[in-house]
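Working notes for the structure below.
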Amino acid sequence: MQKVKYLYTLLACFLLLAAISCKKDFMDRYPQTSVPPDLFFNSEEDLASYINGLLSIPGAGQYTSDQGTDDKATTAAVEIKSIMTGTPSSQNITGGWNWGRLRNINYFLENYDKAKVSQEVKNHYAGLARYYRAQFYTGMVSRYSDVPWYSQTLNPTDSINLYKPRDSRSLVMDSVMADFAFAAANVKESVPDGTPGAGVVKLVYARTALYEGTFRKYHPELNLQASADAFLQIAQQVAGEIITSGNYEIHNTGNPDADYLALFTSLSLAGNPEVLLANIYDQDLNRSGDNKYSINDYEQSPSRELVQTYLMKDGSRFTDQAGYETFGFVKEFENRDPRLSQTLLYPGFILASNAANPAPYIQRLNKNFTGYHQLKGYINSTDQKVLAGTDYPAYRYAEVLLTYAEALAELGTLTQDGLDRSVNLLRNRAGLPALNLAAANANADPVLAAQYPAVSGANQGIILEIRREKRVEFAMEGYRYDDLMRWGAGKKLEKIPNGMYFPGLGKYDLTGDAIPDIILIDKSASIPSSDLQEQNSLGVKLVYYKAGSFGDDVTVYLKNGNGGGTIVTEVTPRQFKDPQYYYRPIPFNQVTLNPALKQIFGWN
């Protein structure tokens, strides 16, 4: 029933617009993309229909959106990778400068007050419109920093606003915070299924405040570090309000080996106490969320550094294990944080398509891929309705908890009690020991410290551990790039993601039963015909791969060629220019149309 209601909500606006278009003289009097205020904005139904037309919820595509970060190798032409390996300029970076959505939002805000409804109802829908406007501008600021602020719709005759220069980041983000504050105070808790309510609004409000606070703190080029704490205070306050409300809780049935994965494999997330809002998929309603490609060699593969970030099951650091740099695939997954095996395919994983002959899946190796395969987003089923009908948890309470903890840690006011009511709820779900504030600060992880050199001070250890928790908890969900940008950690993107480790040519077990599954042979050798291929002790033929150095006529590129090493995915050097590449240029044609728009941070 929830899915049906959601689809009806999406369809309502389109049906309404179709009805309006039939009104006499409509097309003569109004642009094709506008809704006439004298025929509309009269009832709550009108307001709801317009706002539902602005609905935008993250979906299953998020499972591929960490490409180009240190979490994944990618063969795609991802923008940041192209920038770091090419000759970027305003003439070849042309996306992003689109203001059509803002016009639709501002048009509503100029006309909603005409409706013959109570002020409470008006404020609810105005709050949603301002929530969408705040989200729009957050995206523009994260890409361009200073941008023009428009609080009203633009017309062709409005030369003053059409040709205005950038407004300061401070002015725009103050306006964004004002929009979020209004939305948080006026959007209702109880809303139709599939639409954002007060909880979602506050989550994104807190997220944005944390983003801006940490961005200002770790980006001295803005000269805004003095105002960073004000945003961090908002983040901890708003996240704290969500926590105190008691409306949500972490999904935890006491099964650390399955509870986390259940968030990403459920046909229905209705009633899940952790999910503030789900993107609902249902094949019967022509909304398919099939993501089985995540197991294939399609553009992306998880990085070895991500694998090494997960803790051991006892809470100790994997990178404290003697010889961890040369651990093979099977060893890497032994006694680890259970979320690792619920995010990546693990040794012994069995595909549902092999149910008749339940042999473990053997990791497939290929050029430009790490050898690791993503499990999160993969639906292990042969039922097409299940494949197409798995919901996506668009907004999770886990983010609220991590926002709260990180904001307090950056402010220097985090206590053990604050950790226990936030991060440790996630660790408890995973069956890990609780994170201890004093211990973390007394023994900061040297590996993480090297990755984030800008973090220092008395709270260095706990800030690093919270960053680890964010990376692990939200791996493959599209948060990583923004996190690296706000932390001033763009230089991490210069390191090309690598893959599994093999000490050299030979036979290897990839399924965890100590029986070889694959064999790496020299580039000059020939792969035997099927009838001559070697079998293991189970009578299963080994999978043959030629191995060598990058550029050789082989399938597996190893760092030291026949001498072994980690799998190499690319070799083209990457350069992240700081601070320039934290931002994007305004497209050249836009600056030509409006010379008042000046490029900043070295772009031309």
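Below is a table of values for the structure above.
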| item | result |
| --- | --- |
| Helices (runs of 4 or more DSSP H) wholly inside the stretch 135-254 containing at least 3 residues that are of a type outside the set (Gly, Ala, Ser) and either crowded, with 21+ Cβ neighbours inside 10 Å or in contact with a strand residue (DSSP E or B) (Cβ under 9 Å, 6 or more places away or on another chain) (or both) | 169-186, 198-218, 228-245 |
| Tally of residues being out of contact with any Ser or Thr (no Cβ under 9 Å at 6 or more places or on another chain) and closer than 21 Å to Leu102 by Cα across the stretch 176-201 | 11 |
| Test result for Gly315, surrounded by fewer than 22 Cβ atoms within 10 Å (Cβ to Cβ), in contact with a Pro (Cβ under 8 Å, 6 or more places away or on another chain) and small (Gly, Ala, Ser) | yes |
| Check on Asp445, open to solvent by less than 20 Å² (accessible area, probe 1.4 Å) and under 30 Å from Gly289 (Cα atoms) | no |
| Hey, Ser353 more than 23 Å from the chain's Cα centre (by Cα), surrounded by fewer than 22 Cβ atoms within 10 Å (Cβ to Cβ) and in a helix (DSSP H, G or I) or not | yes |
| Top-ranked residue in the stretch 68-104 [being surrounded by fewer than 16 Cβ atoms within 10 Å (Cβ to Cβ) and among the hydrophobic types (A, V, I, L, M, F, W, C); ranked as farthest from Phe474 (Cα to Cα)] | Trp99 |
| Complete set of residues in the stretch 449-465 that are touching a helix residue (DSSP H, G or I) at 6+ places or on another chain (Cβ under 8 Å) and outside any loop (DSSP other than H, G, I, E, B) | Ala449, Gln451, Gln460, Gly461, Ile462, Ile463, Leu464, Glu465 |
| Any hit, the stretch 406-424, residues being out of contact with any strand residue (DSSP E or B) (no Cβ under 9 Å at 6 or more places or on another chain), open to solvent by 50 Å² or more (accessible area, probe 1.4 Å), within 30 Å of Met500 (Cα to Cα) and outside any loop (DSSP other than H, G, I, E, B) | no |
| For Ala430: the one exception among (1) within 14 Å of Arg467 (Cβ to Cβ); (2) open to solvent by less than 10 Å² (accessible area, probe 1.4 Å); (3) hydrophobic (A, V, I, L, M, F, W, C) | (1) |
| Residue in the stretch 511-532 that is touching a helix residue (DSSP H, G or I) at 6+ places or on another chain (Cβ under 6 Å) and on the phi > 0 side of the Ramachandran plot present | yes |
| Flag if Ala48 is touching an Asp or Glu at 6+ places or on another chain (Cβ under 9 Å) and open to solvent by less than 40 Å² (accessible area, probe 1.4 Å) | no |
| Exclusive hit being in contact (Cβ under 8 Å) with a residue 24 or more places away in the chain, closer than 29 Å to Ser56 by Cβ and open to solvent by 20 Å² or more (accessible area, probe 1.4 Å), set Gln374, Gln384 | Gln384 |
| Which listed residue, of Tyr107, Tyr112, is crowded, with 20+ Cβ neighbours inside 10 Å and either assigned to a helix (DSSP H, G or I) or polar (S, T, N, Q) (or both) | Tyr112 |
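Conditions tested, residue by residue: (1) under 16 Å from Gly564 (Cα atoms); (2) more than 39 Å from the chain's Cα centre (by Cα); (3) surrounded by 13 or more Cβ atoms within 10 Å (Cβ to Cβ); (4) without any contact (Cβ under 8 Å) to a residue 60 or more places away in the chain.
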| site | (1), (2), (3), (4) |
| --- | --- |
| Asp513 | no, no, yes, no |
| Asp517 | no, no, yes, no |
| Ser530 | no, yes, no, yes |
| Asn536 | no, yes, yes, yes |
| Gly539 | no, yes, no, yes |
| Leu542 | no, no, yes, yes |
| Ala547 | yes, no, yes, yes |
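The values are calculated or read from the model by the stated rules, or taken from the named source; none is laboratory data. On a predicted model such as this, the values are computed, not experimentally measured, just so you know. In this analysis, Cβ positions are derived from the backbone assuming ideal geometry, glycine residues included, and neighbour counts consider all displayed protein chains. Accessible surface is based on the protein model in full, side chains and every heavy atom, while ligands, DNA and RNA are left aside. Shrake-Rupley method; radii C 1.70, N 1.55, O 1.52, S 1.80 Å.
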